[in-house]
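Since the structure comes first, as structure tokens, the remarks are kept for the end.
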Amino acid sequence: MGIRLKNGDQVCIVGGGPAGSFAALHLLRLARKANLDLQVLIFERRNFSTPGPAGCNRCAGVLSSRLLHGLETLGLSLPAEVVQASIHAYTVYLDGEPTSVEQPDPGRGIVSVYRGGGPRLSPNGPVASFDRFLLDQAIESGAQLIPRFVRRITWEGRPIVMISGKSYPADLLVLATGINGRSPLDRAFGYQPPPTQIMAQDEVLRPPEWPDNRVSAYFRDPPGLTFGALIPKGDYLNISLLGRGLSTEAVAEFLEAQGLAASLLPGSLCGCTPRIAVGSARGFYGDRWVAVGDAAVTRLYKDGIGSAYHTAQRAMQVAVGEGIAAADFRRGFLPLCKSISRDNSYGRRLFNLWALTLRSARLLQAWRRATQSEARLNPEGRIHARVLWGMMTGDEAYRELFWLAVSPRAAMSVMKELWQPRD
Ligand SMILES: Cc1cc2nc3c(=O)[nH]c(=O)nc-3n(C[C@H](O)[C@H](O)[C@H](O)COP(=O)(O)OP(=O)(O)OC[C@H]3O[C@@H](n4cnc5c(N)ncnc54)[C@H](O)[C@@H]3O)c2cc1C
């Protein structure tokens with residue numbers, strides 16, 4: 001006999017970041033359609049209106065066009081004060097030389113947001129938080145917020161969610177705790193969190209002449225940097241770095257190495273070294289429980305919030321439409337997670353290909369010229385720009401981007417530049 005949600009059941013969502021709020025929004029919407037009356041509790045320890053790392057699920061805060069379409073599907077429109085910038089282009093700096101990559105088509109715009117209340121030392125006071133907005137939407141839809149830290153989740157025939165001094169039995173547990181803390185699940189659940197890598201971030205004041213609709217992307221310097229980005233957000237610029245062995249000094253070293261330190265004075269307004277998931281969790285569902293968002297699997301490096309949306313949506317479709325036994329999640333939810341992991345393997349190949357290009361000055365120069373030449377073509381013809389835009393924003397499957405990057409057309413355009421005599 002399967003296990004189904006029934007009227008009056010209590011669903012405990014642990015974690016009120018994007019994955020938790022999306023899970024509540026999808027669940028309540030689907031339950032309403034199925035005439036199912038559920039009590040949905042969201043446990044979240046942070047106050048997202050607080051400036052600085054304490055109120056923030058530390059992230060660059062770029063929302064992909066895929067996610068923006070997802071929000072529309074849920075009937076949500078981002079309030080103007082939550083949107084910090086609408087971004088239409090990337091400037092890629094290679095050895096100090098800029099190459100512009102424009103948004104490939106008008107339907108693929110992206111925006112930047114603050115996850116919490118903005119930079120810790122913000123001279124202009126707190127800003128509107130994206131995570132707060134989503135959580136408020138979930139509460140408006142009927143979820144109840146328990147603003148507490150979950151110490152432990154045990155199993156007594158069903159999951160039991162424990163906060164200090166009180167326990168909540170869950171007919172269904174949704175684990176949406178991300179990857180930046182210790183998992184509260186008891187070992188009996190058999191859950192193993194995803195592998196992670198450390199990133200470094202900070203915020204600085206945006207100089208008045210700095211464009212507010214363009215991300216600047218940097219590679220290679222300092223050694224160990226995979227990529228670094230300066231993302232406009234209202235009065236500020238977010239600095240996000242991915243690399244190996246990044247320390248708390250990484251942002252200062254990066255600004256120095258890229259010759260940006262002098263133009264971005266007075267410098268640091270925040271600063272953190274959060275984790276990013278670079279693989280899938282193991283044992284991330286069972287009878288009466290399922291993990292979503294980063295706690296399960298996410299797209300490599302980009303569009304983690306989009307993955308939170310999609311994993312939460314699929315898990316809740318299974319919970320309402322098919323059942324809440326391990327077999328239901330295996331049949332209905334696991335295939336989506338596997339497809340994200342498979343796509344990430346193409347992402348890895350794509351980033352390796354890019355690293356290879358960066359290692360050869362000649363190849364890099366040829367790629368740059370090919371990208372500049374194709375700027376004359378109509379948007380469909382701009383393959384290199386499309387690949388880079390997709391890699392940077394996460395709004396197209398890595399698999400598509402990889403095959404496009406190694407397509408005869410892309411290879412030929414680089415080869416042509418490689419063998420072209422130049423003065
Ligand atoms: C530096 C960096 C830059 C990034 N940039 C982007 C980007 O530009 N765009 C993008 O889409 N993605 C980006 N990501 C990825 C993105 O941040 C994550 O994929 C996304 O936040 C996942 O959402 P989530 O809800 O699964 O987890 P989280 O956002 O981590 O939320 C988990 C929530 O659970 C709560 N919680 C955890 N444990 C407990 C507990 N025991 N009790 C109560 N509450 C608990 C936490 O307080 C938190 O609010 C970036 C990540 C990093 C590290």
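What follows draws every value from the coordinates through simple rules; no lab data is involved. On a predicted model such as this, the values are computed, not experimentally measured, just so you know. Note that we place each Cβ from the backbone using ideal geometry, even for glycine, and neighbour counts take in every protein chain shown.
At-a-glance table
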quantity: Helix-derived mean residue ellipticity, 222 nm - over the chain, DSSP H n ≥ 4, -39500 (n - 2.57), to 500; calculated: -10500 deg cm²/dmol
quantity: Net charge, Ile179 excluded, C-beta distance under 10 Å - Lys, Arg +1, Asp, Glu -1; calculated: 0
quantity: Estimated vicinal HN-Hα couplings, Hz - the range 295-305 in sequence order (Karplus 6.51, -1.76, 1.60; Gly, Pro = x); calculated: 5, 10, 7, 9, 5, 4, 6, 10, 6, x, 6
quantity: Cβ-defined net charge surrounding Leu363, 12 Å radius [Lys, Arg +1; Asp, Glu -1]; calculated: +3
quantity: Taking N as its residue count, the alpha carbon Rg of the range 344-419 over 2.2 N^0.38 Å; calculated: 1.03
quantity: Packing rank of 376-388, 22-34, where each peptide gets the mean count of other beta carbons within 10 Å, highest leading; calculated: 22-34, 376-388
quantity: 13 Å beta-carbon shell around Ala327, net charge (K/R +1, D/E -1); calculated: +1
quantity: Cα gyration tensor of the chain - equivalent ellipsoid semi-axes, whole Å, descending; calculated: 39, 24, 19
quantity: Protection-proxy order for peptides 190-199, 206-215, 41-50, each taking the mean of Cβ atoms within 10 Å per residue, highest first; calculated: 41-50, 190-199, 206-215
quantity: Packing-based ranking, highest mean first, of 343-356, 119-132 given that Cβ atoms within 10 Å are counted; calculated: 119-132, 343-356
